[in-house]
1. Using the structure shown, decide if residue 8 is within 11 Å of residue 73 (Cα to Cα), of a type in the set (A, V, I, L, M) and at pLDDT below 85.
2. Just for the range 75-94: of the residues that are hydrophobic (A, V, I, L, M, F, W, C) and open to solvent by 40 Å² or more (accessible area, probe 1.4 Å), which one is farthest from residue 21 (Cα to Cα)?
3. Can you tell me which residues in the range 198-207 are in contact (Cβ under 8 Å) with a residue 24 or more places away in the chain and part of a loop (DSSP other than H, G, I, E, B)?
4. Conditions: (1) at pLDDT 95 or above; (2) within 28 Å of residue 70 (Cα to Cα). Residue 243 meets all but one. Number of the miss?
5. Restricting the first residue to the range 182-196 and requiring it to be more than 18 Å from residue 70 (Cα to Cα) and modelled with pLDDT of 85 or more, which pairs with a second residue that is open to solvent by 40 Å² or more (accessible area, probe 1.4 Å) and of a type outside the set (Lys, Arg) meet a Cβ separation below 6 Å and a spacing of at least six or different chains?
6. Only residues that are surrounded by fewer than 20 Cβ atoms within 10 Å (Cβ to Cβ), in a loop (DSSP other than H, G, I, E, B) and of a type outside the set (A, V, I, L, M, F, W, C): list them for the range 19-42, please.
7. Does residue 186 count as assigned to a helix (DSSP H, G or I), within 24 Å of residue 120 (Cβ to Cβ), touching a helix residue (DSSP H, G or I) at 6+ places or on another chain (Cβ under 7 Å) and open to solvent by less than 60 Å² (accessible area, probe 1.4 Å)?
8. Out of everything in the range 132-170 that is touching a Pro at 6+ places or on another chain (Cβ under 8 Å) and small (Gly, Ala, Ser), what residue ends up being surrounded by the fewest Cβ atoms within 10 Å (Cβ to Cβ)?
Amino acid sequence: MKPYLEHIAAPRDASWVLFDRRLKRIPFQWHYNVEYELTLTLNSRGQRFVGDNISAYDHGDLVLIGPKIPHTWCSTEAVKEDQMHQAIVLWFTESFVRGMIDPHIELHPIRRLLQHSGRAISFSEPTRARAQRAICEMLVQTPGKRIIALLDLLLLLAGDQHTSCLTSANQIADLPAATEERIGRVIAYLHAHYRERIAISRLVRVGAISRSSLHRLFKLHARMTINDYVVQLRIGNACALLMNSQKPISVVADEVGYNNLANFNRQFKALKKMRPREFRAAYSTPLET
């Protein structure tokens, strides 16, 4: 689908936004913001889509996303089934940064952090743990204490020496609205049918676009080919199944669209730099007793 602009309104007593979302599930809603966004996800597992990056996420996921980068989370399960999925989201604008951070040399590490957010940033486990405590405390703070806590939080994130950029490059392609809408319909179709064999002729009809334009504009929009996008969808969902279930690898491969186990193993290793069995051993969630 076409990423839609999510409008964020600051409350009357604050210059930035803190929002605590509680949901039965986190749906796929491909969107972008004009603000900087910091999202902490709790009691939730699934797939995170940021620009051209598709990754599994788990409880405690923390990502800083720069303005206009399309993104969404899509849950597969709650960590504790009797509790809601929770996403605590912080939004602040470029004007907030210019007015609050830029004039003060002590806060310039924050500006350097934000300059890298154009590729979206994930953080190390120790930093995520400290940030989670700070963000949860913000929920009960007054606006005055909360803005001080925000600056402390951003300084903490800026000091993380083990961050990772999620996307390969700046993810905003300057496409006409009508073209973006057509490519958006193709992407929505891929998300609904990635397990199936997808004919290019079908995508041409879905997008109401020529075959040559489809390939060219899709790569411009998604920063990868259609085939690579489908592979990322399949392997990303396979990662979630490997981490959160004990299904045999052959069953996982079949459920994400591979009827040839050798091909699944080959593509998985090419993308994740390890075999599915090794990935499960490294990242699977221990069974509760």
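1. So residue 8 does not fit the description; no.
2. The qualifying residue farthest from residue 21 (Cα to Cα) is 79.
3. Matches in the range 198-207: 198 only.
4. (1)
5. none
6. 24, 25, 27, 29, listed by residue number.
7. Details: assigned to a helix (DSSP H, G or I): yes; within 24 Å of residue 120 (Cβ to Cβ): yes; touching a helix residue (DSSP H, G or I) at 6+ places or on another chain (Cβ under 7 Å): yes; open to solvent by less than 60 Å² (accessible area, probe 1.4 Å): yes.
Answer is yes for this residue.
8. Result: 159.
The values are calculated or read from the model by the stated rules, or taken from the named source; none is laboratory data. Predicted model only: the values in this text are computed from it and were never measured. Note: ideal-geometry Cβ built from the backbone for every residue, glycine included; neighbour counts use all protein chains shown. Accessible surface is based on the protein model in full, side chains and every heavy atom, while ligands, DNA and RNA are left aside. Shrake-Rupley method; radii C 1.70, N 1.55, O 1.52, S 1.80 Å.
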